[in-house]
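The values are calculated or read from the model by the stated rules, or taken from the named source; none is laboratory data. On a predicted model such as this, the values are computed, not experimentally measured, just so you know. No Cβ is skipped: glycine too gets one built from the backbone with ideal geometry, and neighbour counts run over all protein chains shown. In case anyone asks, the SASA skips ligands and DNA or RNA and just uses the protein heavy atoms, side chains included. Shrake-Rupley method; radii C 1.70, N 1.55, O 1.52, S 1.80 Å.
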Amino acid sequence: MKPRILSGIQPTGSLHIGNYLGALSNWVKLQYESEPIFCIVDLHAITLYQEPAELREKIRQTAAVFLAAGIDPAHSSVVVQSTVKEHAELCWLLTCVTPLGWLERMTQFKDKAAKQESIGDGLLQYPVLMAADILLYQANLVPVGEDQTQHLELTRDLAQRFNAIYGETFTMPETRLPAVGARIMGLDDPTKKMSKSTEGSGHAVAILDPPAVIRKKIMRATTDSLPHVDFENMGPGVQNLLTIHQAFTGWSGDQIRRHFQGMRYGDLKKTVADAVVAGLEPVQKKYAEITAEPGYLDRVLAESAARVRPLAAQTVRLVKERMGVYTA
Ligand code: ATP
Ligand code: LTN
């Protein structure tokens, strides 16, 4: 049996090269191994306040970026999470078997909660909803960036706990990280993960940034006080730029070392910027085509939702039966 692949991205801002290298490009590579489902997780996005008009816009933009990056809608389903109501329904059912302590331990929850004056319950429940996304379709492979590994461990723990209490119900999902680019760091601060919601124009390169903007951001990236690349003594900023280059070009570690050893930082940045601009050019071109075609995106989203709903309904029915909840 082919594995079922499922993953998701929050429509919380402009997708950046961390999302591209950590998640999207890996989805594109893996998509023909199975019948994958890729979600725009709008219900996750609202765990922190989103301006409604902006959120509506970002949902469509995120879906268009999935397609522009090479997700093939004839084969893969591109689903807006909130359009398949079973995501929320299964989330509640799973909430009832989730120990509170498991959720309070999540590092993403602790990080995000620390930045809030008042902490919404949704922020705490976030990983349960994510587990519901995955378990709803009995997915066995979840391609994500490194920051999601803890949430996936919780998903497995939850599946195991449910199966132990109510009998074998859920497939155990496996985490799949990309070989290179599982954790791209901020250009302005290479000790912090590149993130959509971090402020600052020098932090992230967006997938849709024009070439001149990409070049400017990379040329200004934080490095260190050394003059040139030294693999024996390399700071995190330089390491991050090399990782970005390697992920975009597909070069081997040896090739990277031979090419960049001793290179001055100015030239390093120029070379990295060229690779990023070249790598994103086809994505940007396709994005323009997709968004120029009226009705196309809505059609893809409607067809995808219709395709996955029967499977979602089947799982929720099974879970309800197992738990003894009324099923008409
Ligand atoms: P937010 O800032 O809103 O939390 P984010 O930029 O962290 O957003 P998510 O929507 O949480 O992005 O993540 C979508 C996917 O991209 C996940 O698979 C995640 O692991 C991956 N990802 C996010 N940031 C990075 C990064 N810096 N490097 C590699 N992968 C990343
Ligand atoms: N929490 C994830 C987004 C996400 C996800 C999922 C990823 C929601 N549901 C299911 C994989 C599988 C994040 O990247 N922040």
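Residue under question is Leu24, and the condition is that it be within 9 Å of ligand 1 (Cβ to nearest atom) and open to solvent by 40 Å² or more (accessible area, probe 1.4 Å); does it hold? Here the answer is no, as Leu24 does not meet what is asked. In the range 22-34, the residues that are more than 22 Å from Arg183 (Cβ to Cβ) never reach a residue that is within 10 Å of ligand 1 (Cβ to nearest atom) and outside any helix (DSSP H, G or I) with C-beta atoms less than 7 angstrom apart, at least six apart or across chains. For the range 151-161, the condition holds for no residue, the condition being that it is within 12 Å of ligand 1 (Cβ to nearest atom), part of a loop (DSSP other than H, G, I, E, B) and within 15 Å of the chain's Cα centre (by Cα). Condition first: of a type in the set (Gly, Ala, Ser) and either free of Cβ contacts under 8 Å to residues at least 40 places away in the same chain or open to solvent by 20 Å² or more (accessible area, probe 1.4 Å) (or both). Now tell me which residues in the range 163-186 satisfy that. Of everything in the range 163-186, those that are of a type in the set (Gly, Ala, Ser) and either free of Cβ contacts under 8 Å to residues at least 40 places away in the same chain or open to solvent by 20 Å² or more (accessible area, probe 1.4 Å) (or both) turn out to be Ala164, Gly167, Ala179, Ala182, Gly186.
Just to be sure, is Tyr126 open to solvent by less than 30 Å² (accessible area, probe 1.4 Å) and more than 16 Å from Pro99 (Cβ to Cβ)? Here the answer is no, as Tyr126 does not meet what is asked. If the condition is being polar (S, T, N, Q), without any contact (Cβ under 8 Å) to a residue 60 or more places away in the chain and in a helix (DSSP H, G or I), then the range 227-278 contributes Gln239, Asn240, Thr249, Gln255, Thr271. Only one entry in Ala45, Ala68, Ala63 is under 26 Å from Met194 (Cβ atoms), without any contact (Cβ under 8 Å) to a residue 40 or more places away in the chain and open to solvent by less than 10 Å² (accessible area, probe 1.4 Å), namely Ala45. Just wondering, is there one or more residues in the range 187-199 that are more than 16 Å from ligand 1 (Cβ to nearest atom), open to solvent by less than 40 Å² (accessible area, probe 1.4 Å) and either among the hydrophobic types (A, V, I, L, M, F, W, C) or closer than 25 Å to Asp111 by Cα (or both)? No, the range 187-199 has no match at all. Scan the range 85-103 and give yes if some residue there is within 13 Å of ligand 1 (Cβ to nearest atom), farther than 20 Å from Gly13 by Cβ and not β-branched (Val, Ile, Thr), otherwise no. No; the residues of the range 85-103 include none that is within 13 Å of ligand 1 (Cβ to nearest atom), farther than 20 Å from Gly13 by Cβ and not β-branched (Val, Ile, Thr). Residue count for the range 123-144 satisfying the condition of being more than 14 Å from ligand 1 (Cβ to nearest atom) and either of a type in the set (Val, Ile, Thr) or outside any loop (DSSP other than H, G, I, E, B) (or both): 7. Just checking, does the range 109-119 include any residue being more than 13 Å from ligand 1 (Cβ to nearest atom) and touching a Phe, Trp or Tyr at 6+ places or on another chain (Cβ under 7 Å)? No, the range 109-119 contains no residue that is more than 13 Å from ligand 1 (Cβ to nearest atom) and touching a Phe, Trp or Tyr at 6+ places or on another chain (Cβ under 7 Å). Report yes if Thr171 is over 23 Å from Gly22 (Cα atoms), within 15 Å of ligand 2 (Cβ to nearest atom) and β-branched (Val, Ile, Thr), otherwise no. Answer is yes for this residue. Against the definition (polar (S, T, N, Q) and either over 20 Å from Tyr126 (Cα atoms) or buried (at least 21 other Cβ atoms within 10 Å of the Cβ) (or both)), how does Ser82 come out, yes or no? No.
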